[in-house]
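Asks: Supplied in structure tokens, the structure appears directly below.
The values are calculated or read from the model by the stated rules, or taken from the named source; none is laboratory data. If you're wondering where the values come from, they're calculated on a predicted model, not measured in any experiment. Cβ placement follows ideal geometry from the backbone for every residue including glycine, while neighbour counts extend to all protein chains displayed.
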Amino acid sequence: MSKNHNLLKYMLLVFAGIAVGAVVFSNVEFNLSVNGPNLSNRPNFATAKSNIENYPVQSLKGFNEAFVQIAESTTPSVVTIFTEKKVNQRGMNPRDFFGRSFGDFFGHQFDDFFDQPEKGSKEGRTEVQRGLGSGVIVTEDGYILTNNHVIDDADAIYIRTNDNRKIDAKVIGKDPKTDLAVIKVNAKGLKPIVIGDSDKLRVAEWVIAIGSPLGENLARTVTQGIVSAKGRANVGLADYEDFIQTDAAINPGNSGGALVNINGELVGINTAIASRTGGFEGIGFAVPSNMARKVLTSLITTGKVTRGYLGVSIQDIDENLAKAMHLKVGEGVLVGTVVEGSPASKNGIKTGDVILDFNGAKVTSSVALRNTIASQNPGVTVKLKVLRDGVIKLFSVRLEEPSVKEVAARSAGGDEKISTATGFSAEELTPEVAKRLNRKPGTGKVIVTAISSSSNAYQAGLRRGDIILSVNRQSVTSFAQYNSLVKSIRSGDLLFLLIDRGGDKIYFAFNV
């Protein structure tokens, strides 16, 4: 009796679970693109002409069928990309092993036997390095979107389609700053994918990754997962980063493949993984389709990507900076360097300004603002809302095309005596100090000469070699003045610094 009772309870739980699943999925609708492209614009990206609408999922079987239809609809748009690159290998010459006289005695027969260049030739052995990646067909006439690192420096490129056709490809354009590239094939019967709106993608949405991981034998592998996060930056993969993070399995060879939503639309280009082993560990990154679409259009129409340029370096406002400047955390971004002659400089933007709004939209992060500025075309006029010394100011700035390269910050180590009050030591930038720190001397300049790695100053980002421009909003004009400003600082006080690092102005705030 007890066994029957337990079995009955178990069966009730199973049926209850199925019922709950049916209720949960009964309101999910899938909007799949099943037909070809509408070639009304140039470039002729695919658009959905007819859809499977109002497809309710009544059961787990229906949910399964929805994924099958998504895969069947989009897989033909994904190709495997093969690259070849010739490299000269100058390995050990057999003449060196057997002796020059031995090789000279047999002459060219010796070289022919070992497949070596003849005596006196400077050429080495030429080998062909082969690479593999993925790509996504985006137009019916053969344009394919992929990652720049998949095809960069390749001497030859060809693709293999879903119907096993091998087709030579040529490079149309590359954009290393986003790690995107466009190649083209001359072929008929290609099925372009529909490009979706990645801005509408939400965290926890289901997505499918399609690509050719680890080799041609695994071409067009389909994996599923969810959107783990959006707007991932500072990953170190490209200059402009706004990655979609997903746990859909991505492995080497997947680069350039498609990340697809449940409507069968392209929402990302799979680019890289974060891994300690080299294999997939649940963290993959994809370039969002909206960023990819702009790069794609520019490369197809002009062969290059142009970006808007404001001419400032910006940084996020953390808790200490917010406290020092009487702001809220996440309220705008702080302007550091203003490049001389740049649009920002011409229109009056200054170091220390806080950019609150860009074209009417609130600014919450430096990465997002940088990407937004870059997405604008040169010549476009943008509106900035700026906070300066507690006063709101409005600016209209005409963006230009970048004409200068960003300067990389450098730092060095040291063993000078460190102030216990501030966690770092500073000296006047005399010729002797300048020579020691590999800097140009400057009258009245004060430079950080040593810093404790356990100090709040170091944790905030201050480094040896930084030149101190102001302390607690007061400009530093001499080492004596600097000393008078910091000697009254006590433990727990907030120190607010403006420094120069390789030409870039950066703010730091920390408790000493």
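Asks: Return yes when Pro252 is surrounded by fewer than 21 Cβ atoms within 10 Å (Cβ to Cβ) and under 16 Å from Thr146 (Cα atoms) and no when it is not. Lay out the reasoning, then the answer.
Replies: Working: surrounded by fewer than 21 Cβ atoms within 10 Å (Cβ to Cβ): yes; under 16 Å from Thr146 (Cα atoms): yes.
When the stated conditions are applied, Pro252 passes them.
Asks: Then there is this: Out of the residues in the stretch 211-234 meeting the condition of being charged (D, E, K, R) and closer than 20 Å to Asp199 by Cβ, tell me which one is modelled with the highest pLDDT. Working first, answer last.
Replies: So the first thing to find is which residues in the stretch 211-234 are charged (D, E, K, R), and the list is 216, 220, 230, 232.
From what is left, the residues that are closer than 20 Å to Asp199 by Cβ are 230, 232.
Numbers: Lys230: 94, Arg232: 88.
Among them, the one singled out is Lys230.
Asks: Return yes or no: is Ala258 surrounded by fewer than 22 Cβ atoms within 10 Å (Cβ to Cβ), out of contact with any Asp or Glu (no Cβ under 7 Å at 6 or more places or on another chain), within 15 Å of Val78 (Cβ to Cβ) and not aromatic (Phe, Trp, Tyr)? Let's see the steps before the verdict.
Replies: Values: surrounded by fewer than 22 Cβ atoms within 10 Å (Cβ to Cβ): no; out of contact with any Asp or Glu (no Cβ under 7 Å at 6 or more places or on another chain): yes; within 15 Å of Val78 (Cβ to Cβ): yes; not aromatic (Phe, Trp, Tyr): yes.
No, not satisfied.
Asks: Continuing with this model, one more query. Mind telling me which of the residues Ser365, Ser375 ends up being of a type outside the set (A, V, I, L, M) and either in the same structural domain as Ser298 (by TED's automatic domain parsing) or under 17 Å from Gly461 (Cβ atoms) (or both)? Walk me through it before giving the result.
Replies: Details: Ser375 fails: either in the same structural domain as Ser298 (by TED's automatic domain parsing) or under 17 Å from Gly461 (Cβ atoms) (or both).
Criteria check complete, one pass: Ser365.
Asks: Can you tell me which residue among Ser403, Ser396 is modelled with pLDDT under 70, loosely packed, with under 15 Cβ neighbours inside 10 Å and either touching a Lys or Arg at 6+ places or on another chain (Cβ under 9 Å) or not assigned by TED's automatic domain parsing to the domain that holds Ile317 (or both)?
Replies: Ser403
Asks: Looking at the stretch 438-448, can you tell me whether even one residue there is among the hydroxyl-bearing types (Ser, Thr, Tyr) and modelled with pLDDT under 85? Before the answer, list the steps.
Replies: First, the residues of the stretch 438-448 that are among the hydroxyl-bearing types (Ser, Thr, Tyr): 443.
Checking the rest, the ones that are also modelled with pLDDT under 85 come to 443.
Checked against the condition, which is being among the hydroxyl-bearing types (Ser, Thr, Tyr) and modelled with pLDDT under 85, the stretch 438-448 yields at least one hit.
Asks: Please state which of the following conditions Ser275 fails to meet, knowing it meets all the rest: (1) buried (at least 19 other Cβ atoms within 10 Å of the Cβ); (2) part of a loop (DSSP other than H, G, I, E, B).
Replies: (1)
Asks: Is it the case that the stretch 215-226 has a residue that's part of a loop (DSSP other than H, G, I, E, B), closer than 24 Å to Ala374 by Cβ and not polar (S, T, N, Q)? Don't jump to the end; show me each part of the working.
Replies: First pass over the stretch 215-226, keeping only residues part of a loop (DSSP other than H, G, I, E, B): 215, 219-220.
In the following step, the residues that additionally are closer than 24 Å to Ala374 by Cβ were identified as none.
For the stretch 215-226, residues part of a loop (DSSP other than H, G, I, E, B), closer than 24 Å to Ala374 by Cβ and not polar (S, T, N, Q): absent.
Asks: Another question, if that's okay. Can you tell me which residue within the stretch 176-191, out of those that are out of contact with any strand residue (DSSP E or B) (no Cβ under 7 Å at 6 or more places or on another chain) and within 20 Å of Ala272 (Cα to Cα), is surrounded by the most Cβ atoms within 10 Å (Cβ to Cβ)?
Replies: Of the residues in the stretch 176-191, the ones out of contact with any strand residue (DSSP E or B) (no Cβ under 7 Å at 6 or more places or on another chain) are 176-177, 186, 188-189.
From what's left, within 20 Å of Ala272 (Cα to Cα): 176-177.
Values: Pro176: 13, Lys177: 15.
Ranking the qualifying residues of the stretch 176-191, first place goes to Lys177.
Asks: Here's something else I'd like to know. Kindly indicate the residue of the stretch 330-359 that is of a type in the set (Gly, Ala, Ser) and either surrounded by fewer than 17 Cβ atoms within 10 Å (Cβ to Cβ) or more than 17 Å from Thr372 (Cα to Cα) (or both) and also farthest from the chain's Cα centre (by Cα) among those meeting that condition. Step through it out loud before you land on a result.
Replies: Residues of the stretch 330-359 of a type in the set (Gly, Ala, Ser): 330, 332, 336, 341-342, 344-345, 348, 352.
With either surrounded by fewer than 17 Cβ atoms within 10 Å (Cβ to Cβ) or more than 17 Å from Thr372 (Cα to Cα) (or both) added as a condition, the list becomes 330, 336, 341-342, 345, 348, 352.
Working: Gly330: 22, Gly336: 22, Gly341: 28, Ser342: 25, Ser345: 28, Gly348: 31, Gly352: 27 Å.
Taking the candidates together, the pick is Gly348.
Asks: Still on this structure: Checking Glu205 against (1) farther than 14 Å from Asn147 by Cβ; (2) in contact with a Ser or Thr (Cβ under 7 Å, 6 or more places away or on another chain), which single condition isn't satisfied?
Replies: Unmet for Glu205, out of (1) farther than 14 Å from Asn147 by Cβ; (2) in contact with a Ser or Thr (Cβ under 7 Å, 6 or more places away or on another chain): (2).
Asks: Checking the conditions here, which among Phe110, Phe82 is closer than 30 Å to Gly303 by Cα, assigned by TED's automatic domain parsing to the domain that holds Gly196 and either crowded, with 16+ Cβ neighbours inside 10 Å or at pLDDT 95 or above (or both)?
Replies: Details: Phe110 fails: closer than 30 Å to Gly303 by Cα.
Result of the check over Phe110, Phe82: Phe82.
Asks: Among the numbered criteria (1) surrounded by fewer than 21 Cβ atoms within 10 Å (Cβ to Cβ); (2) within 14 Å of Val182 (Cβ to Cβ), which one does Ala322 miss?
Replies: (2)
Asks: If you scan the stretch 285-317, which residues turn out to be in a loop (DSSP other than H, G, I, E, B), buried (at least 18 other Cβ atoms within 10 Å of the Cβ) and of a type outside the set (A, V, I, L, M)?
Replies: Within the stretch 285-317, the subset in a loop (DSSP other than H, G, I, E, B) is 303-308, 310-311, 317.
Then keep just the ones that are buried (at least 18 other Cβ atoms within 10 Å of the Cβ); that gives 305, 307-308, 310-311, 317.
Arg307, Gly308, Gly311, listed by residue number.
Asks: List, please: which pairs have Cβ atoms under 7 Å, are six or more places apart or on different chains, and start with a residue in the stretch 133-159 that is in the same structural domain as Val194 (by TED's automatic domain parsing) and aromatic (Phe, Trp, Tyr) and end with one that is modelled with pLDDT of 95 or more and crowded, with 24+ Cβ neighbours inside 10 Å?
Replies: Partner pairs satisfying both residue conditions: Tyr143/Val182; Tyr158/Ala169.
Asks: Quick one: which residue in Leu259, Leu237 is within 26 Å of Gly131 (Cα to Cα) and modelled with pLDDT of 95 or more?
Replies: Numbers: Leu237 fails: modelled with pLDDT of 95 or more.
The unique qualifying residue is Leu259.
Asks: Hey, does the stretch 306-319 have a residue that's small (Gly, Ala, Ser), over 21 Å from Ser375 (Cβ atoms) and modelled with pLDDT under 95? If you could, list the steps in order and put the result at the bottom.
Replies: Of all residues in the stretch 306-319, those small (Gly, Ala, Ser) come to 308, 311, 313.
Imposing the further condition that a residue be over 21 Å from Ser375 (Cβ atoms) reduces the set to none.
Looking for residues that are small (Gly, Ala, Ser), over 21 Å from Ser375 (Cβ atoms) and modelled with pLDDT under 95, one finds none in the stretch 306-319, hence no.
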